[in-house]
Amino acid sequence: MNLLSPDSFEKVLLPNAEAHCLPAWCYSDEEFFELERKAVFGRAWVGVGRQELLEKPGDYRTLEVAGTPIIIVRGEDNELRAFSNACRHRGMRLLEGEGSCNAISCPFHGWKYKLNGDLLGVPHMEQAVGFDRKTFGLTPVRLGVSDGFIFVCLDPDQVSLSDWLGDFSERHAPYGFENLRCTRQTTYEVACNWKPFVEVFMEYYHLKWVHAGTFDSIDYRPPVPHEVTTGNYTTVFGFHNEGSAAVIDADAANALPPIPGLPADLQRATRCTMVFPGFIMAATKDCMWYFECHPVSAGKSRFVLGTCFPEETIAQPGFEEIQKAYQKRWHLGAMEDVEVLERQQLGLASPLATSGPLSHLEYAVGDLAKFIARQVTSQA
């Protein structure tokens with residue numbers, strides 16, 4: 001099998017109405033997974049959550065992108081920065097999890113760094129010939145913020161975040177993402193490749209069968225043809241029945257008010273968007289939710305769900321109780337998807353699994369497939 005052969009992706013790169021999904025081995029082959037980490041996640045602007053979750057100077061979060069440990073921290077100047085999570089002395093991982101600190105200290109030999117990455121303290125280095133602390137600050141990682149979302153990029157030669165996103169901000173402007181606030185995060189460990197999870201988020205085809213009795217009655221009606229974007233993202237917009245798409249029918253009476261200023265026609269519609277490679281979000285009448293994508297192996301993934309509401313909504317009396325209905329819907333939806341996706345992964349791992357054609361309700365799945373095919377074959 002030649003993983004980098006353009007012939008492997010010939011049907012993937014056809015026009016949407018003719019295109020097939022990725023070959024099945026793209027979802028289960030460990031060699032291909034490692035290629036994706038390098039050629040896809042290692043080169044892209046990767047979405048990693050919301051800026052308001054790191055609100056105060058010293059607030060930090062650690063994570064891995066393309067297998068690379070990084071720290072995201074808000075500096076004393078209120079700027080967000082990202083660094084390699086490795087001491088410049090002997091490579092010790094500096095921080096774990098998330099929290100707040102006044103400085104970043106190495107637990108191995110006590111090297112200490114300022115929040116802007118500068119080396120602050122170095123015990124017992126007086127006899128090191130030619131040592132200059134100014135040259136041993138933390139290794140920076142590119143970071144950008146757009147519409148309240150944080151993105152990082154490991155590739156110093158990649159285009160700017162603005163160029164990567166293209167018309168993303170303009171298309172999503174009615175929802176005022178920058179004015180929303182994340183109220184809760186939930187982590188899901190899933191026994192499937194990262195791609196099926198983000199694919200299912202972006203298609204309406206499965207609703208009748210996977211979400212029967214929960215929110216299949218919303219009756220999404222995505223338009224055809226598929227929308228064209230100028231950035232590295234794909235989006236699906238669909239009108240549906242009155243009410244919020246973020247609660248199940250049984251809780252519809254307790255739905256929250258619309259996002260302030262949202263046009264009337266958008267109050268009966270939902271927009272789902274994937275910023276390549278795998279940062280997915282949905283915006284509807286009263287809220288927005290997103291999933292961070294963290295591939296673990298060819299058959300395992302981690303996703304972080306963030307749920308966001310307008311500041312005005314969060315401030316209203318009884319919000320904490322009301323939002324439970326929203327959290328219930330999101331959890332139900334995720335778990336119904338996970339049950340199917342873990343079964344799908346078993347099928348994709350079969351040596352007899354094949355690549356099938358895509359419905360017009362799966363054009364976004366085809367967009368992702370084309371993006372991946374172009375990224376990996378560019379490494380040939």
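Structure summary
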quantity	calculated
Of the criteria (1) aromatic (Phe, Trp, Tyr); (2) over 10 Å from the mean Cα position of the chain (by Cα); (3) buried (at least 21 other Cβ atoms within 10 Å of the Cβ), which one PHE319 fails	(3)
Tabulated pairs, the range 186-209, first small (Gly, Ala, Ser), second in a strand (DSSP E or B), C-beta under 9 angstrom, 6+ apart or interchain	ALA191/LYS300; ALA191/SER301
Residue in the range 95-112 that is in contact (Cβ under 8 Å) with a residue 24 or more places away in the chain and basic (Lys, Arg) present	no
Search result, residues across the range 45-82 that are closer than 14 Å to GLY99 by Cα and of a type in the set (Ser, Thr, Tyr)	TYR60, THR62
Members of the range 344-380 found to be in contact (Cβ under 8 Å) with a residue 60 or more places away in the chain and part of a loop (DSSP other than H, G, I, E, B), listed by number	ALA349, SER350, ALA353, THR354, SER355, GLY356, LEU358, SER359, SER378, GLN379, ALA380
Subset of the range 64-101 (residues that are out of contact with any helix residue (DSSP H, G or I) (no Cβ under 6 Å at 6 or more places or on another chain) and small (Gly, Ala, Ser))	GLY75, ALA82, SER84, ALA86, GLY91, GLY97, GLY99, SER100
Residue count, the range 192-215 (criterion: surrounded by fewer than 18 Cβ atoms within 10 Å (Cβ to Cβ) and within 18 Å of VAL236 (Cα to Cα))	3
Top-ranked residue in the range 94-113 [being of a type in the set (A, V, I, L, M, F, W, C) and crowded, with 19+ Cβ neighbours inside 10 Å; ranked as farthest from the chain's Cα centre (by Cα)]	TRP111
The one condition in (1) β-branched (Val, Ile, Thr); (2) surrounded by fewer than 23 Cβ atoms within 10 Å (Cβ to Cβ); (3) modelled with pLDDT of 95 or more that VAL275 fails to fulfil	(2)
1 or more residues touching a Pro at 6+ places or on another chain (Cβ under 8 Å) and modelled with pLDDT of 95 or more: qualifying strands (runs of 3 or more DSSP E) within the range 112-167	140-146
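The values are calculated or read from the model by the stated rules, or taken from the named source; none is laboratory data. Just so it is clear, the structure is predicted and the values come from calculations on it, not from any experiment. All Cβ positions, glycine included, derive from the backbone under ideal geometry; neighbour counts span all protein chains shown.
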